[in-house]
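Right, one structure below, let's go through it.
The values are calculated or read from the model by the stated rules, or taken from the named source; none is laboratory data. Note that the structure is a prediction, hence the values are computed from the model and not measured. All Cβ positions, glycine included, derive from the backbone under ideal geometry; neighbour counts span all protein chains shown.
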């Protein structure tokens, strides 16, 4: 089973490529909707597919806690269980367990944590993460990493980066014992190092020494650091990353972050913000974000975004969407979530088209200026 990536055209650091996976091809750059429990929150798989999603993400931590990987495996794997036939990626669970401040203990062996569901004490190690992800059966499994806060000191980031590399050795060994690429799953490592550029380079070089890899991820960003700092970290890594590998920027998925990340050589993105914001009535448009609950939309007959081609914008007015939120009808949450998912997927599609046409720099500059409200600047 081949896992290949080809770059069709590049403009500066921005790339348009194709990632071949067992369950289909992913044309990059691409946004991956997050299906935490094997479902993109509130949306039917057909809706997600019609929105243009080529690949979705499942959460190892949450699926391990419920229904449990043994249940998913007994049901034929995550693809069959969730009725999603296209590519899938599972994260390692690292970000979730490290977010459980006060509920987890870190050691060289792994992380002991208290379940937020039933209070049971569990342990997640590099080996267990690989075993769980093998049972889930996604196309791409992520290595178990040590995530540090966005403002972590150099020493703390160093410790997390070095532990991530040590854990990567264990992930690679156990993944090789659990599955191989002929079974339809590949393993991607994660570059760590906080906001410290020297540590990021050390992490990348150490990761590449342990390869080869069919893809590389950059983790531990968009966790509280200023956006210009994130941009500098990406810029420090771009030239050192292999051109022939897809690059996945983990947990980054606000519209402007996609455009800025693509400009710095990133290919894949994910984030829960599309559905999380949608459930609160916050919608992204070509001219910025709007809150559909505001009274000013009470008699607005226009769509959320006149330029959007999603099912929500094709049928429903802002006035009706506001009514749904005021009336606390769950349809409103679903419709704005669906719009946001399509909006991000469409941003990636537009970026890809601009790269293929050799117009990305001009397109991205105009897009960012308009989105930020600086169109006349």
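Things to note:
- Candidates in segment 146-159 are the residues that are touching a residue at least 60 places away in the same chain (Cβ under 8 Å) and within 24 Å of residue 65 (Cβ to Cβ); of these, the one that is surrounded by the most Cβ atoms within 10 Å (Cβ to Cβ) is 148.
- Positions within segment 128-145 being in contact with a helix residue (DSSP H, G or I) (Cβ under 8 Å, 6 or more places away or on another chain) and either within 23 Å of residue 228 (Cα to Cα) or buried (at least 23 other Cβ atoms within 10 Å of the Cβ) (or both), in sequence order: 129, 130, 132, 133, 136, 137, 138, 141, 142, 143, 144, 145
- Filter result (modelled with pLDDT under 95 and assigned to a loop (DSSP other than H, G, I, E, B)) within segment 178-197: 179, 180, 184
- For segment 233-244, a residue qualifies if it is out of contact with any helix residue (DSSP H, G or I) (no Cβ under 6 Å at 6 or more places or on another chain), assigned to a loop (DSSP other than H, G, I, E, B) and under 14 Å from residue 205 (Cα atoms), and the qualifying residues are 239, 241, 242.
- Per-region count, segment 200-221, residues closer than 14 Å to residue 234 by Cβ and either surrounded by fewer than 23 Cβ atoms within 10 Å (Cβ to Cβ) or free of Cβ contacts under 8 Å to residues at least 60 places away in the same chain (or both): 6
- If you go through segment 204-232 and keep only what is under 18 Å from residue 270 (Cβ atoms) and assigned to a helix (DSSP H, G or I), you end up with 227, 230.
- Counting only helices (runs of 4 or more DSSP H) that sit completely within segment 282-377, those holding 3 or more residues that are buried (at least 16 other Cβ atoms within 10 Å of the Cβ) and touching a strand residue (DSSP E or B) at 6+ places or on another chain (Cβ under 9 Å) correspond to 330-356, 360-371.
- Meets criteria (more than 19 Å from the chain's Cα centre (by Cα), assigned by TED's automatic domain parsing to the domain that holds residue 55, touching a residue at least 60 places away in the same chain (Cβ under 8 Å) and more than 16 Å from residue 192 (Cα to Cα)) for residue 244: yes
This table checks each residue for (1) under 21 Å from residue 26 (Cβ atoms); (2) touching a strand residue (DSSP E or B) at 6+ places or on another chain (Cβ under 8 Å).
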| position | (1), (2) |
| --- | --- |
| 99 | no, no |
| 139 | yes, yes |
| 160 | no, no |
| 178 | no, no |
| 184 | yes, no |
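- Some residue of segment 175-182 being under 24 Å from residue 194 (Cα atoms) and touching a residue at least 12 places away in the same chain (Cβ under 8 Å): no
- Filter pass, residue 158 being in the same structural domain as residue 91 (by TED's automatic domain parsing) and either under 22 Å from the mean Cα position of the chain (by Cα) or closer than 25 Å to residue 56 by Cα (or both): no
- Of all residues making up segment 151-162, the number that are farther than 13 Å from residue 207 by Cβ and out of contact with any helix residue (DSSP H, G or I) (no Cβ under 8 Å at 6 or more places or on another chain): 6
- Tally, over segment 128-171, of residues that are in a loop (DSSP other than H, G, I, E, B) and at pLDDT 95 or above: 7
- Taking the listed residues 336, 341, 347, the one that is closer than 27 Å to residue 243 by Cβ, outside the structural domain of residue 242 (by TED's automatic domain parsing) and under 21 Å from the mean Cα position of the chain (by Cα) is 347, with no other qualifying.
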